[in-house]
Every structure is written in C-alpha cells, then in structure tokens.
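*Asks:* Structure below; questions to follow.
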Amino acid sequence: MAPANKTSTKTIESPGMALVKATIGLMDELVRVMMLEVDLVTERKLDEHKSLLKHKQRLTMDYRSNMKSISTQPDLMKQMPPEVVAAAKISAQKLSDMTDRNAKFLRGTVMATQRLLQSIVSIVKQEVLPQGNYHNPNVSQVGAAAYSPVCKPVAVSRTA
C-alpha cells in the first residue's frame, strides 16, 4: 500500500505574531549592521560604509514603524508564546548593547577627527600669519603713561 497523503499542517501566524517576529528580525539585522559599521569605519572603507549607512537608516525606520505598531497593541506581547517573548527580550538587549557601543565608537571617531582638524588649522595659522609683526592700526602703539627717554612730553596751549 502506498502511504497516505499527509497534508502539511502549517500554522497560520496571526498578524501580531508576524509583526513581533519581523521586529525581532529587524533588531538582529540592526545589530549585525552596527557591528559591520564599526569594522568598516576602523578600516576606512568609506564607499562601503555609505551603502551600509543607507541600509542602517532603512532598517531603523522599519524598526521604529514596527515598534509604533506594537505599542498601539498593549496586550500583544502577553499573547505571544514564551519563546517568542524570550527571543524578543534577548534581541532587544543585544540591540541596546550594540547601540551604546556603536554610538561611543562613532562619537570617539568624530572627536578624533575634530581634534585632527583643529591641529591642522592651528599649524596652518602659524605658517600663514606673520609672527610678531602684526599690529592693530586702531589701537595706539604708544604705551599710556610709559616713560621713554627718547620721547619728551610736550604741552601745547591753544589759547593765545
């Protein structure tokens, strides 16, 4: 006898379950992208970083949209199976940790770049501006009430 045809019993996911699973996937992908971003910036692969940054921005917008949808359904997470809730918590913690690491790294990179530029500007100013010969024509160069053996004080009377 031939085996009986077994129809696959796929469980149909509720829209809420699909939303939560998609959000978990977005969180995991954001973690992966931020880890890759640190590597690309460290290795100075700027062309690859540009495309990765666009991907990161799209993921972030999708993540925000999903989180907004989840927040409008306060009982949604209570309806999820425990393994989905646990996966969501783990992904959320990983995302939080990676976001902090990514932000600190990028902030440090920006600060280092700013310091480098300030040093370059300072060196250029020292090279370009004349040393010690600058004087402001709007300010008198004669010291107020300073004694000078060369200059003699003179008083002029205009009443005569």
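*Asks:* Test of understanding: what is the full-extension gain from THR42 to LYS78, defined as 0.36 nm times their sequence separation minus their Cα-Cα distance? Mind dumping the intermediate values first?
*Replies:* Working: separation 36, 0.36 × 36 = 12.96 nm, distance 4.18 nm.
Here the answer is 8.8 nm.
*Asks:* So for MET111, MET67, MET27, fewest C-beta neighbours within 10 Å to most, what's the order? Show your work: numbers first, answer last.
*Replies:* Details: MET111 10, MET67 15, MET27 24.
Final ranking by Cβ density, sparse to dense: MET111, MET67, MET27.
*Asks:* Give me the distance in nm between label points sitting 7 Å out from Cα along the Cα-to-Cβ direction at ALA18 and SER71, one decimal.
*Replies:* Placing both labels 7 Å beyond Cα along the Cβ direction yields 2.4 nm.
*Asks:* Just how large is the dipole of the range 15-99 about the Cα centre, in debye to the nearest 20, putting +1 at every Lys and Arg Cβ and -1 at every Asp and Glu Cβ?
*Replies:* Working: 13 positive and 11 negative charges, 48 e Å.
So the dipole magnitude of the range 15-99 works out to roughly 220 debye.
FYI, it's all coordinate maths here, none of it is from the lab. What you see is a predicted model, and the numbers here were worked out from it, not measured in a lab. Here Cβ is always computed from backbone atoms with ideal geometry, including for glycine, and neighbour counts include all displayed protein chains.
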